[in-house]
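**Q** I am attaching a structure below and will ask some questions about it afterwards.
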Amino acid sequence: MSDYKLLIGGRLVDGAKTMEVINPATEEVLATCPRASEAQLDEAVAAAKKAFPAWAAKPIEERRALILKLADAIEAQAEDFARLLTQEQGKPLAEATAEIAYTQAFIRQLATHDLPVKVLEDNDRRRVEQRRRPLGVVGAIIPWNFPVLIVAFKLPLALLAGNTMVVKPAPTTPLTTLKLGELMAEIFPAGVVNVVTDQNDLGGRLSTHPDVAKISFTGSTETGRKVMASAASSIKRLTLELGGNDAAIVLGDVDPAKVAPGIFGGAFLNAGQVCLAIKRVYAHADIYDALCAELGRLAEEAIVDDGLKQGVQIGPLQNAAQYEKVKGFLADARANGTIVAGGVVEDRPGYFIRPTIVRDISDGAKLVDEEQFGPILPVIRYEDAEDALARANASDMGLGGSVWSTDRETARDLAGRMESGTVWINKHLDFGPNMPFGGAKQSGLGVEFAEEGLHEFTQIHVINEAK
Ligand code: NAD
């Protein structure tokens, strides 16, 4: 038995089984949580399918009002959400509090969109209207780094467009999503939103399910590939937000002390477990030593501890598997570079690795070429900005990137040629619900947020009438 419940067909129910959720800062069991069976997943899809016609037929204003109620309900329990998020995910309480605030802001702003009919032609011969219809049941598959916010990336637009949903959180961070489910049970008609949990065993079933019209997936590129293959059987619509290997190109004209905090923050937020984090820094030879030293100083000063403690800046890695993976990157850093700061796996309970700055490393090393998704940052020396740009672009990934310079024109020119979905100048990791967000190359397919994101939850419907 568990205090947490699945949400299926408007009812809060136990799972067929239970599973334990670990607090990554202590490695102790935080909660026992329901685990859905295949039959429960099928029930959730059936409930969403049943709820679809009535939900789709509601005026958009009515759907909007209910979505906004969810934002109000989260706001009323923001402190509880933030605390639980820190406990299950590991991030410092200040970051968890910000994630909950962002969640409300995203829901509120995404809910403002409309789906007006577009008249393409109206003349003596014909009237042609372009409308947008909802797709049906949307499966939302969520990763463990931002378990609340990423639900808010998908749910408001999917529901506003008239779809119904089955939401599946990651196995190591299900609790905040189940808590959202409790709130949603009170707000939405039965079956409009369903929440099921798993142990990485139901995502495939959801993405092959014949009654699911679309999968909105956020997670690794490796799993994204599987989702894409699963979706082929019924030609499902797909939005894939996948991994990244964001490069920051730092030109020789910057003051290293000035840019270092922004680069450090862009790399180590959420212990580096951010799809859009800086994952490699290309620093010009003129400022290379000074920048490495500044980043090293910030890494040494960072307070790494249980996120519930006051003043903590960096929490643990989220789960044991990721902790082991990042330790592998650390071994690679030792073999292929020089550790300026950090490099320490803390001898204590919890999945703690101190923020680590690695210099004298180059392309070809695993830490540079692959996504570390953890608190280890390689800094690569370059002489020529064109060469840095070519190396930044020589990746299968293309999620974000940034250029740091006091010369705006050069920075804009380089930014314009970076092969990624978002490029920042003199900052990293700044996004909002009004800016379409998506990855280039193998970092994703389609976009989230903004009108473009809303349209991805719809099917174009043309009505062509003879006069
Ligand atoms: P993951 O791919 O292991 O898991 C993501 C989700 O997919 C989980 O809910 C998991 O249970 C589910 N899943 C597992 N196997 C599945 C299958 N066969 N079919 C369908 N779903 C399945 O990713 P993760 O480790 O939870 O998250 C880390 C990765 O996510 C990183 O690569 C990171 O860059 C990426 N990410 C991307 C974005 C973005 O917006 N681009 C945002 C956050 C994280």
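**Q** Post the alpha-carbon centroid distance, the stretch 417-449 to the stretch 88-113, in whole angstrom.
**A** One Cα centre to the other: 19 Å.
**Q** If packing is taken as the average number of other Cβ atoms within 10 Å across a peptide's residues, how do 40-53, 161-174, 329-342 rank, most packed first?
**A** Per-residue Cβ counts within 10 Å, averaged per peptide and sorted highest first, yield 161-174, 40-53, 329-342.
**Q** Then there's this: Name the shape class, rounded, prolate or oblate, that the alpha-carbon gyration tensor gives for the stretch 1-118, where a ≥ b ≥ c are the square roots of its eigenvalues, rounded holds for a/c under 1.5, and otherwise prolate holds if a/b is larger than b/c and oblate otherwise.
**A** Oblate shape, in that a/c is at least 1.5 and b/c is the bigger or equal ratio.
**Q** For the pair Q109/D201, report the inter-label distance in nm, with labels modelled 7 Å from Cα in the Cβ direction.
**A** 4.0 nm
**Q** Please give the per residue accessible area of the chain, computed with a probe of 1.4 Å over protein heavy atoms only, in Å². Show your work: numbers first, answer last.
**A** On the way: 18260 Å² over 467 residues.
Averaged over the residues of the chain, the accessible area is 39 Å².
**Q** For the peptides 447-460, 279-292, what is the packing order when you average, over each peptide's residues, the other Cβ atoms within 10 Å and list the highest mean first?
**A** Listed from highest to lowest mean packing, they are 279-292, 447-460.
**Q** I would also like to ask the following. Is the stretch 357-467 rounded, prolate or oblate when judged by the Cα gyration tensor, a ≥ b ≥ c being the square roots of its eigenvalues, rounded requiring a/c under 1.5 and prolate requiring a/b larger than b/c?
**A** Taking the square roots of the gyration eigenvalues as a ≥ b ≥ c, the stretch 357-467 is prolate.
**Q** List the pairs from K366/K441; K118/K214; K50/K441; K91/K214; K226/K427; K226/K441 whose alpha-carbon separation is above 26 Å, in the order I gave them.
**A** Check vs 26 Å cut-off fails for K50/K441; K91/K214; K226/K427.
**Q** Okay, which of the stretch 315-347 sit inside 15 Å, backbone N to the point 7 Å along the Cα-Cβ direction of A293?
**A** 340-341
**Q** Sticking with this one: Using the basic label-point model (7 angstrom from Cα toward the beta carbon), what is the K50 to D347 distance in nanometres?
**A** Rounded to a tenth, the inter-label distance reads 5.9 nm.
**Q** At 7 Å along the Cα-to-beta-carbon direction for both I187 and T338, put a label point, then send me their distance in nm to one decimal.
**A** With each label point 7 Å from Cα toward Cβ, the separation is 5.3 nm.
**Q** Assuming 0.36 nm per residue, please report the length gained on full extension of the stretch D255 to E28 beyond their Cα-Cα distance.
**A** Additional length available on full extension: 77.3 nm.
**Q** Given the C-alpha atoms of the chain, compute the convex hull and give its volume per residue in Å³.
**A** That works out to 143 Å³ per residue.
**Q** Tell me, what is the FRET efficiency for K118 and A394 to the nearest 0.05, using R0 = 30 angstrom and their Cβ-Cβ distance as r?
**A** Here the calculated transfer efficiency is 0.15.
**Q** Any number yet on Rg/Rh for the stretch 246-433, C-alpha, Kirkwood?
**A** Ratio of gyration radius to Kirkwood radius: 0.95.
**Q** Here is a follow-up. Under a cut-off of 23 Å between alpha-carbon atoms, report the lysines in cross-link reach of K17, not counting same-chain residues fewer than 8 places apart.
**A** Cα-Cα hits under 23 Å: K5, K168, K179.
**Q** Ignoring ligands, DNA and RNA, please state the percent of accessible area on the stretch 246-433 from carbon and sulfur, probe 1.4 Å. Before the final figure, lay out the partial values.
**A** Numbers: 3380 of 6980 Å².
Here carbon and sulfur together make up 48 percent of the probe-accessible area.
**Q** Using 0.36 nm per residue, how much length does the chain from Q130 to A320 gain when fully extended, once their Cα-Cα distance is taken away?
**A** 63.4 nm
**Q** Could you put E186, E121, E62, E383 in order of accessible surface area, largest first, with the 1.4 Å probe and the full protein assembly present?
**A** Largest accessible area first, the list is E186, E383, E62, E121.
**Q** Rounded to the nearest 10 degrees, what's the angle between the helix 320-336 long axis and the longest principal axis of the chain, both from Cα atoms, 0 to 90?
**A** 30 degrees
**Q** So if R0 is 41 Å, what FRET efficiency would S362 and A101 give, r being the distance between their Cβ atoms, rounded to the nearest 0.05?
**A** Calculated value: 0.55.
The values are calculated or read from the model by the stated rules, or taken from the named source; none is laboratory data. Predicted model, so just to flag it, every value in this text is computed and none were measured. Backbone-built Cβ (ideal geometry, glycine too); neighbour counts: all protein chains shown. For accessibility, only protein heavy atoms count, side chains too; no ligands or nucleic acids. Shrake-Rupley method; radii C 1.70, N 1.55, O 1.52, S 1.80 Å.
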